[in-house]
Amino acid sequence: MQINRRSSRVLSLSLLTAALLLTACGGTTPTAGPTAGFAQTQGTGELSQTAITGTIYRVPGPQFTTATDVTLYAINTGFKPGDQILFDAAQGPFEGFLYFPANNKGTATSPITIGSFNGRATLQVTDPNQSGIFLENVAGYDIGNLNIVGPGAGVSQKDGVIAYNTLSGNVRLNFLNFHDLNVSGFGSGGISVGGNNGFSGYTQVFIKDSITHDNRKAGIQVFGPAALPADTDYANRDIYIGNNKAYNNFGDAASTTSNTGSGILVGNAQRVTIERNVAHDNGKFNTAVGGPIGIWVYDTDRATIQFNESYNNRTNSTADGGGFDLDGGVTNSVMQYNYSHGNDGAGYLIAQYPGARALYRNTVRYNISQNDARKHGYGAIELYGEMRDIDIYNNTVFMDAVGAAEVPSALLITRPGTFQSGDGQNYDIGPISNVRVANNIFYSRNGARLLSVGGGNTGIVLRSNSYFADGPSRPASYFYGYGGNFGNGTNFYQGTAYASLAAFRNATGQEVGGVQGNPRLMNAGGGQTIGNAYQFQALAAYQLQSTSPIRNNGLNLASQFGINAGATDFYGVAIPAGSGFSRGASDM
């Protein structure tokens, strides 16, 4: 479990109940990064493009006069590949929910379709112990164009839509396409996919163009059992989550040991892409020490989190409430081209928890953070726990002070040691090693820290970053390192504070090529909420002015470190845009 201030493993899902009855009540492929996720290659979200080899059932209609008949048929007979069950939006809403047991199996090429005609139909769930749509040990489904409304997040104990695999033998069920759904009012997840029996789970999962809001424990979640450090397999593979909105999933105040209230989270998975999503205002009722986060993955290999906006996410504990996170056991993954702002916790967190698989080879690049880390002394970009081989480059961080009681940092790399978790147990946290931090802009105002990096770590390299402390502040001690406790109001290198970049460089040998001074951003601190992850060009506040002193003179990462920095900056501009590479998320 996650310790002290950090995010923990995803909560276990509530057990699912059996049979349901339903009654009618009234007539883009991701941009290539340093690691590969999973591209959207199947599933268009349009019923007209689904291969039809079965029967179209309209509800109400000749075959099923009421929605109750759909569930009874699924239980007693079973739907076949290519069948379509379409609800008449003009006749709804339909009270109840749908249950599809193991005799209802579609395929990737001929899925069983559940949708609407004459508009978008609504399934209204009134029983707190039942889910809206429950797929038990089956796959091959295309579910879309539906509103699914639960009895209320404070009442419901179940999920809006859930695919749950309990099969033995490490069986991955193939193909789920969930799209154009609006899911609210459920006590667990809005949309949930996963397993709880070894490495049995799902592959080729598409969750897109949907809204999950006002649920208790999560908006969208993909999950599996807790992994062991020696595990080499994953329950879920090839997961694509794109163009969704997850908001007002507030968390469960009664859950004091498992985090709740995340927007989008994926665990025990391999080859994952999370892109073009917006997650905001989640988590405010969470009381567990560890979690929640707006958008994050844990125990995952080869995840790409890109082109997302995550803002105003909260926690009611002493931990997290952040924007983005690569958490316990994540490997070969990247957070890139994202916008994080106004979160309680870190904007971009990489964190390890005891008992997880090793965490290594992850990248944070071309992201923007504005006024994250509003609580508990977080960093806008933060590394916590034992990990290795981390690259952090070409990010832009703006950090205003919060108040005398809170001392956030633009960059925080924690020290190893023994820490006490929220459950009162002590945990030993190992060192961080082999971290390269280059070509970033760290901009603080009114006394927020620029840099805090703990002693006891190895192979930490800072090169060619831009630092600027703006406005009236507490004494200007900033830059690298601390040896004491969190929240002590200064920035230390191995326990020593440095008042200037020159003093820091002379004493430590760090920051060759680093610069101190105003980077001349268009409107530092003036970034607005975008609300549409396809319109990041509107975020002009963090572009460089034509007179910026850090244009075209950043480090060439390929020649210095062998790093492939990608093809574009945050704004989609080909790099280098000028005679050389620039610092920060904007190259122009």
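Since every read-out is calculated from the coordinates, none of them should be taken as a lab result. If you're wondering where the values come from, they're calculated on a predicted model, not measured in any experiment. All Cβ positions, glycine included, derive from the backbone under ideal geometry; neighbour counts span all protein chains shown.
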Mind jotting down the three principal axis lengths of region 241-310 based on Cα atoms? Whole angstrom, largest first.
-> 33, 23, 12
Measure out, as a whole number of angstrom, how far apart the alpha-carbon centroids of region 116-166 and region 78-112 sit.
-> 11
Enter the Cα centre distance for the pair region 553-569 and region 372-400, rounded to the nearest angstrom.
-> 20
Just need log10 I(q)/I(0) for region 293-382 at q = 0.19, 0.23 Å⁻¹, Debye formula, equal scatterers on the alpha-carbon atoms, no solvent, rounded to two decimals.
-> -0.76, -1.06
Under 16 Å Cα-Cα from K245, which aspartates and glutamates qualify once same-chain neighbours fewer than 8 residues away are excluded?
-> D180, D209, D214, E275, D281, E309
Computed on Cα atoms only, the convex hull of region 359-462 has an orientation-averaged projected area in nm² of 6.7
Please report, to two decimal places, log10 I(q)/I(0) for region 65-189 at q = 0.09, 0.14, 0.17 Å⁻¹ as given by the Debye formula with identical point scatterers on the Cα atoms and no solvent.
-> -0.23, -0.57, -0.85
Taking the alpha-carbon set of region 301-443, what are its Rg and Dmax in Å?
-> 14.1, 40
Could you work out the Kirkwood radius for the chain, taking every pair of different alpha carbons, averaging 1/r and inverting it, reported in Å?
-> 24.1
Total formal charge among the other residues, if their Cβ is under 10 angstrom from that of H213, Lys/Arg +1 and Asp/Glu -1 = -1
Antiparallel content of DSSP bridges confined to the chain, in %, to 5 = 10
Flagged links, alpha-carbon separation over 23 Å, of K208/K284; K105/K217; K284/K375 = K208/K284; K105/K217
Taking Cα pairs under 8 Å and at least six residues apart, what relative contact order does region 174-324 come out at, in percent?
-> 20
Would you tally the net charge around A39, using a Cβ to Cβ cut-off of less than 14 Å, leaving A39 out, and scoring K and R as +1, D and E as -1?
-> +3
If you add up the charges near I460, with Lys and Arg at +1 and Asp and Glu at -1, over every other residue whose beta carbon is less than 13 angstrom from its beta carbon, what do you get?
-> +1
Compute the FRET efficiency between A499 and S559 as 1/(1 + (r/R0)^6), taking r as their Cβ-Cβ distance and R0 = 35 Å, and round to the nearest 0.05.
-> 0.60
How large is the helix-only mean residue ellipticity at 222 nm for the chain, computed as the sum of -39500 (n - 2.57) over DSSP H runs with n ≥ 4, divided by its residue count, in deg cm²/dmol to the nearest 500?
-> -1000 deg cm²/dmol
